[in-house]
Every structure is written in C-alpha cells, then in structure tokens.
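For reference, the structure discussed in these notes is given below.
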Amino acid sequence: MLGTELYADNAVHLWRSMGPGDSDELDAPPGVAIFRLPVRRTIKVVVRRAMWEAGDWWERLLAAPDREAVLLEDPFGALRPNGNGGAPDAFQNMPVMGARAEDVIDHGSSPLVRVEPVRDAEELTGAERIIIDGFPVRDPTPGRPGGHLPPKLIERPGLRVWSAHRDGRPAGACVSCDDGVAVGIYWLTTLPEYRSTGVGRALMNAVVGASPGREIVLTATDAGVPLYRSLGFTEFSVAAWSTWEPRQRRAAAPPHRRLGTD
C-alpha cells in the first residue's frame, strides 16, 4: 500500500473511532469517507484513493443543513475545487509524510521534557487546551472543554492523547491513532513559548517508541517539516484541504474530473 493511502486510511480510522455523537459516518461511494461532526458543525470528507470520480455524494453535502461547513481533505492533492461560485473559503496544502518506526532517527529527547499518555479527563482537558491554543484549529465550543477532543477519546482502542511538560509546565500535546497497520500523528503542538526547546521532538520520540513495527504517518505544517525531515520522514504527497463555510456551500459545483495518481 502506498504511503499516502496508509495515511488516508488512518485518517478515516481516526474519525470513525471518535464514536457516535462526535463523528457520525454517512453513506459514501468507494474511495471516499464522509462524517458529520455535530459539535464542530462540520461535514468532514476524506478522499481515500487517488483514483476517484465525483458523484451524487456532493449533492448530498449540498443538501446538508446550512449551519454546517464542509471540510474536504484530499491527501493525494489531485483535486482542485472548480468554478460556478464554488471556490472554497479556505484552502491549504500540507505535505503527507511518513517513515517506518524502526527507521526514525532518534537524536534523543531533552531531559527537561517529560511526555506521558493522557489518562483522565483533567489531563485530556489540558491537552485539548494546548492543541487549541498552539495549533491552527478552531475551538468548536469556546469556554467548554471536550469540543475538539471528546471525553471518551482516551477510551477508544488505538487512540492515545499525549501530553508534554517542560520544567513541570504544560508545553505540548498530540494525538496518535493506531489502526493496526500504521500509526497516524495528529495535531502535534508545541506552545509558542516552548518552541525550539525539544518539546516536539520528545513527543515524536514517545509516539514512535510506543509503535514498534508500524508505519508512522502524518500531515505536516510548515513549522513541523524541518523536525520530521530530521527524524527521517519523507514526503509522500501534498495534501489539499478545502473548507466551504455554510453560506458558500449551495453555490459550490462538484469536481467533475476523474483524479489520477499523484
């Protein structure tokens, strides 16, 4: 299986594992997964295979309640939204990267940084706050915890939330998802005041060290690429993320062309 496909399947596994009420899977054609995220008021679409042709699933998205945004994640980067008023409100490219756990280069972690899996609701709330404050994600429930990382997340098989402390103070966090083949790393975050102090590297070393025999996959922000490359990660593809806010959705036209391999 290609590296990008490993990531795409892992991303689908992550959203499925969130569970009913937090991430409800909708009917979708082969090669696509669609989830309704009620708390986020978002329809999440993940393209699973590069060979993909738009169909009537898009019409179903357009018929969804107006209060919901649509977030399209294409890990293969082959899809470009087209005209007729359908340009997304936001568009971003991020590389999909990966490495086998045994091939990751461990330069060691700072003794000042302690990384542990989150084990209770209080620790989960702290990790969620770090991710919302330090990562480019929207807080779906301002002032109320659990909107981004649901309370039951730490009970889901294969899902782990990790928290990093430097000098005893909260400094970073991430989520890992083990689907039995690959481990995906999501929302890896270092708070601004702790960047370039070894927190991100310590988080990566902890997740990789707990994942022997697995492929490690992720999408990287610009800030994270140098770290991942230094660990031995290589780029598989450049993912395309497109967001349509509710007011934009009904004018959006489906992508009609067939996608080729990256």
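The values are calculated or read from the model by the stated rules, or taken from the named source; none is laboratory data. No experiment lies behind these values; they were computed from the predicted model shown. All Cβ positions, even for glycine, are placed from backbone atoms using ideal geometry, and neighbour counts span all protein chains on display.
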* Structure fact -> For region 181-192, pairs from a residue that is over 17 Å from residue 126 (Cβ atoms) to a residue that is of a type in the set (D, E, K, R) and modelled with pLDDT of 95 or more, with Cβ under 7 Å and 6 or more apart or across chains, are 181/215; 182/214; 182/215; 183/214
* Has region 140-155 got at least one residue that is closer than 18 Å to residue 233 by Cα and either acidic (Asp, Glu) or touching a residue at least 12 places away in the same chain (Cβ under 8 Å) (or both)? -> no
* Would you say residue 227 is among the aliphatic types (A, V, I, L, M), modelled with pLDDT of 95 or more and crowded, with 21+ Cβ neighbours inside 10 Å? -> no
* **Where a residue in region 1-29 is among the aliphatic types (A, V, I, L, M) and its partner, wherever it lies, is in a helix (DSSP H, G or I), with Cβ under 8 Å and at least six apart** => 1/9; 18/153; 26/60; 28/57
* Structure fact -> Filtering region 196-209 for residues that are under 22 Å from residue 103 (Cβ atoms) and assigned to a loop (DSSP other than H, G, I, E, B) leaves a count of 1
* Asked: Regarding residue 104, is this residue closer than 26 Å to residue 24 by Cα, over 15 Å from the mean Cα position of the chain (by Cα) and at pLDDT 90 or above?
  -> no
* Structure fact -> Within region 210-231, residues within 20 Å of residue 113 (Cβ to Cβ), in a helix (DSSP H, G or I) and touching a residue at least 12 places away in the same chain (Cβ under 8 Å) come out as 227, 228, 230
* Asked: From 192, 170, which residue is assigned by TED's automatic domain parsing to the domain that holds residue 117, out of contact with any strand residue (DSSP E or B) (no Cβ under 8 Å at 6 or more places or on another chain) and surrounded by fewer than 21 Cβ atoms within 10 Å (Cβ to Cβ)?
  -> 192
